[in-house]
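Structure first, then comments.
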């Protein structure tokens, strides 16, 4: 099978890229194909916990060309956002193929080979938008294997009732950790909040200028070939009324990271021990890029250096939803930028702009 461009992933960044390719003159099929590992539209939003409502989620940005205007913002985000993505795919005839799971991408002369469980595509350009949801990160701590209780990750969370009557240690300094802590606290027997660094609460609105500044900080690391930091990690925690009340009530009384895990809880270097039935790891995710390993894109500093969205080691490959675009703050912009760059490259290899790119055979 052949397509001029293969897009892997149909979340915010992938759909933005597909929209840009469509607007740029490529047709689904020979022009571009979108491969998605999910069984339906929605990307990572399909897996958000049921108690996360649209009005309680991070700002959900419009996809290009179709405003996000839910009738009821009190509905679960895991229902509303997939419905929006589904409408978007149909509105612009993006013809996403799913479920298709990509196992490897390899170089093959001027083309790339995208190997999947539905066959292999040959392509001249790849836009990778696989995000992070499939790679939850759990740090390693001494004694973790001895703990008698549960150790779920944010990705496993389904609701606060699962923690009723338990002593819960919540690990992580991001927005998700705080959201889950606030939900769990009224149900749990006791909660303890643990973070590596003291949390920074941000007051006031988070406007587009602040978002661009946060993205720029992450982009500096990616350009230097370093592993990307979280965009959310550089923005601070928005101090909502609910968070303010929880802080005043002592729920957000943060403690430094423990030294080790014991069979019955966690322990600090000074000998302090906190009993626990559950340790909830709200410790984020890592980029899902294992299928790109054959291309050897990573540099000596551990990250994939980018020029714009293109991998410096192989400009045929564009990464969106990675580093500075690993959030709705930057995903739309990166998706469209990758589409423009790919179209420019294709036109440069076949002649004048406006010609048909795809070839037969």
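For the peptides 77-83, 335-341, 272-278, 9-15, residues were scored by their other Cβ atoms within 10 Å and the scores averaged per peptide; the highest-first order is 9-15, 335-341, 77-83, 272-278. Taken along the Cα-to-beta-carbon direction at a fixed 7 Å, the label points for residue 257 and residue 148 span 2.7 nm. Peptides 84-90, 184-190, 104-110, ordered by how many other C-beta atoms sit within 10 Å of their residues on average, highest first, read 84-90, 184-190, 104-110.
In a fully extended conformation the segment linking residue 117 and residue 23 would gain 30.9 nm over its present Cα-Cα distance, using 0.36 nm per residue. Which residues in the range 263-299 place their backbone N less than 20 Å from a point set 7 Å from the Cα of residue 103 along the Cα-to-Cβ direction? Inside the label zone: 288-296. Among beta bridges identified by DSSP and lying wholly in the range 1-151, the antiparallel ones come to about 50 percent. Projecting label points 7 angstrom from Cα along Cα→Cβ for residue 95 and residue 140 puts them 4.6 nm apart.
Here the peptides 48-55, 33-40, 293-300, 170-177 are ranked by packing, the mean other Cβ count within 10 Å, and the order with the highest first is 170-177, 33-40, 48-55, 293-300.
Values in this text are rule-based calculations from the coordinates and carry no lab data. Since this is a predicted model, take the numbers as computed values, not measurements. Please note: Cβ atoms are built from the backbone with ideal geometry, for glycine as well, and neighbour counts cover all protein chains shown.
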